[in-house]
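Take a look at the structure below.
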Amino acid sequence: MNIQVRYHRRRLADVAAALRLARTQTSREDGPRARLADQQQQRLETVVRHAATHSPFYRRRLAETGALDDGPVQLQRLPVLDKSLLMEHFDELVCDPRLRRDQLLAWVGQLTGDQLYLDRYRVMLTSGSSGWPGLFVYDAAGWRSICAQILRISSWAGLRPSWPRQRLALLGGAAPSHISRQGAATMAVGLHRVLSLPVTLPLPQLVEALNQFQPTYLHVYPSVAMWLAEEQHAGRLRLSPQMLVTIAELRTPEMTRRLQEAFGVRPFDAYGCTEGLWGSECEHHQGIHLFEDSTLVENVDPAGQPVPAGQPGARLLVTNLSNLVQPLLRLEVTDLVTLDPDPCPCGRTLVRVSSIRGRSDDVLSLPARDGGRVAVHPLQFALLTRDPQVREFQVVQDGPVLRVLIVPSQAAAAGTDLLETRLGQAVAQQLLGIGVHDPQVTVECRPKLPRSAGGKLKLVIADPPSRPVHTNAS
């Protein structure tokens, strides 16, 4: 069979299966929590017992902890996995002995498109703060589960098949191994018109491509959406999207307001990670519902103990219920979230995130006036997103000094000295207001800021010795 024909048939099969799964999951979203718990337990039993049989790493760890000694699998008895442990023991964690970390890293480095490893596995790479990149492998069933969640996000935002076809502009990572590129390639089967653009393109090229394509559905990182909002206000970008979805970065209320002013639609905020946890705002925009029918999520404190709904957690523990080739059981994700204890007006019973405060890796620790330490969360810098003279920013901690890197708006480019002074004073005043002792802040204007391989902008870079420390629970 011709390679191109086989490639197209594979994508059609992936999308068809994902559509069926998404429809099934959507039909159950307002069902009773007890039924959801039964379904979660059935899938947890499958993935854990598969791991115990086919993964040498899990066979040993589960035996050491006695997690499978008697009765049904209990999630809280399973050992916690972090990114460094995942990568260090990758070769014995996966369930196919042909998968080897170093060979896969070399292979994804040479990817030029949507190829499968061994003509079977989809391999994706993330950048991380642990010193290791994150390497994730999915077989067809696991990938179709990811695609089903992507389809649910777009459906919740209002996307439906139509004629003429909807025009989807998907702005994401530059590397072919990034999940945004892999997802866009899978979805481009003809149901909609799809334009996939790397956010690393020069802004004038992004504007030109979007003006020519005129998307009805725009899917983009919040930081890049803010670029586009400024271009829209300046008249260089001329879009009238019917649907706008932001994902993968922190979006503040001020950013939401500016996006709505620029594009005339209320943006949906979505959550997505290559590890397998996805979610989206519903039509009420009162927090992100997590798709826990595909991935179990635990919100825990620094000691790994469950945090009640309504209280902020220190990290998430994610268990992917579909990945049988690389079991991810209680994998640590460092997002700082609060789960909403109240039901959503939409009637869906999926757990809902009332706030996301960034990642624990992004929390700064600064000396307090009382002699202790003050935890400074990324949202404390929201004053920068509210400033019309700031296109984007990044806060870099260098010991006791905070370096605030600013890309000024075009209107502010001529007066950067005054801008730097004003913003430095504003940030220092904000830090004083939350109890920081003698905040030292410098502001530097830059033509652009560095982005990760996936195209994301890291808003805060904490000094590693100053980061809060947590312990893993077994």
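The values are calculated or read from the model by the stated rules, or taken from the named source; none is laboratory data. Because the structure is predicted, anything quoted here is derived from the model rather than measured. For neighbour counting, all protein chains shown are included, and Cβ atoms are generated from backbone atoms with ideal geometry for every residue, glycine included. Each accessible area value is taken on the protein alone, full model and side chains, heavy atoms only, with ligands, DNA and RNA left out. Shrake-Rupley method; radii C 1.70, N 1.55, O 1.52, S 1.80 Å.
The set of residues in region 260-295 being out of contact with any Pro (no Cβ under 8 Å at 6 or more places or on another chain), closer than 20 Å to G310 by Cα and polar (S, T, N, Q) consists of S280 alone.
In region 447-473, the qualifying residues are those that are open to solvent by 50 Å² or more (accessible area, probe 1.4 Å), in a loop (DSSP other than H, G, I, E, B) and hydrophobic (A, V, I, L, M, F, W, C), and the one that is modelled with the highest pLDDT is A453. When region 152-174 is filtered for residues that are out of contact with any Phe, Trp or Tyr (no Cβ under 8 Å at 6 or more places or on another chain), surrounded by fewer than 21 Cβ atoms within 10 Å (Cβ to Cβ) and either acidic (D, E) or in contact (Cβ under 8 Å) with a residue 24 or more places away in the chain (or both), the ones remaining, listed by number, are S155, G158, P161, R165, A174. Between E283, E275, E261, the distinction of being surrounded by fewer than 20 Cβ atoms within 10 Å (Cβ to Cβ) and assigned to a loop (DSSP other than H, G, I, E, B) belongs to E283 only. When region 112-132 is limited to residues that are at pLDDT below 90 and over 16 Å from I146 (Cβ atoms), the one that is surrounded by the most Cβ atoms within 10 Å (Cβ to Cβ) turns out to be W132.
Is it the case that region 65-72 has a residue that's more than 25 Å from the chain's Cα centre (by Cα) and open to solvent by less than 20 Å² (accessible area, probe 1.4 Å)? Within region 65-72, one or more residues are more than 25 Å from the chain's Cα centre (by Cα) and open to solvent by less than 20 Å² (accessible area, probe 1.4 Å). Among the residues of region 311-330, those that are assigned to a strand (DSSP E or B) and either open to solvent by 20 Å² or more (accessible area, probe 1.4 Å) or of a type in the set (S, T, Y) (or both) comprise P312, T319. Name the single residue that is farthest from P56 (Cα to Cα) among those in region 79-111 being of a type in the set (V, I, T) and either open to solvent by 40 Å² or more (accessible area, probe 1.4 Å) or part of a loop (DSSP other than H, G, I, E, B) (or both). Here the answer is V80.
Considering (1) in a helix (DSSP H, G or I); (2) touching a Leu at 6+ places or on another chain (Cβ under 8 Å), the lone condition that R61 does not fulfil carries the number (2).
Could you check, for region 79-96, whether at least one of its residues is in contact (Cβ under 8 Å) with a residue 40 or more places away in the chain and in contact with a Cys (Cβ under 8 Å, 6 or more places away or on another chain)? The answer is no; no qualifying residue exists. Among (1) modelled with pLDDT of 95 or more; (2) open to solvent by 30 Å² or more (accessible area, probe 1.4 Å); (3) in a loop (DSSP other than H, G, I, E, B), there is one condition Q212 misses while meeting the rest; what is its number? So Q212 meets the others, but not (3). Can you pull out the residues in region 286-296 that are outside any loop (DSSP other than H, G, I, E, B) and surrounded by fewer than 22 Cβ atoms within 10 Å (Cβ to Cβ)? If the condition is that a residue be outside any loop (DSSP other than H, G, I, E, B) and surrounded by fewer than 22 Cβ atoms within 10 Å (Cβ to Cβ), then no residue fits.
Residues checked against (1) touching a helix residue (DSSP H, G or I) at 6+ places or on another chain (Cβ under 6 Å); (2) assigned to a loop (DSSP other than H, G, I, E, B):
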| position | (1), (2) |
| --- | --- |
| D119 | no, yes |
| V123 | yes, no |
| A141 | no, no |
| R152 | yes, no |
| W163 | no, yes |
| Q182 | no, no |
| V189 | yes, yes |
| S196 | yes, no |
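Give me the residue from region 20-54 that is without any contact (Cβ under 8 Å) to a residue 12 or more places away in the chain, over 18 Å from R144 (Cα atoms) and open to solvent by 60 Å² or more (accessible area, probe 1.4 Å) and, out of that set, farthest from the chain's Cα centre (by Cα). Ranking the candidates gives T53 first. Under 6 Å by Cβ, and 6 or more places apart or on different chains, what pairs join a residue from region 7-19 that is under 10 Å from T186 (Cβ atoms) with one that is of a type in the set (S, T, N, Q)? These pairs meet every condition: R11/T186; D14/T186. With respect to S355, determine if the residue is in contact with a His (Cβ under 9 Å, 6 or more places away or on another chain), among the small types (G, A, S) and in contact (Cβ under 8 Å) with a residue 60 or more places away in the chain. Answer is no for this residue.
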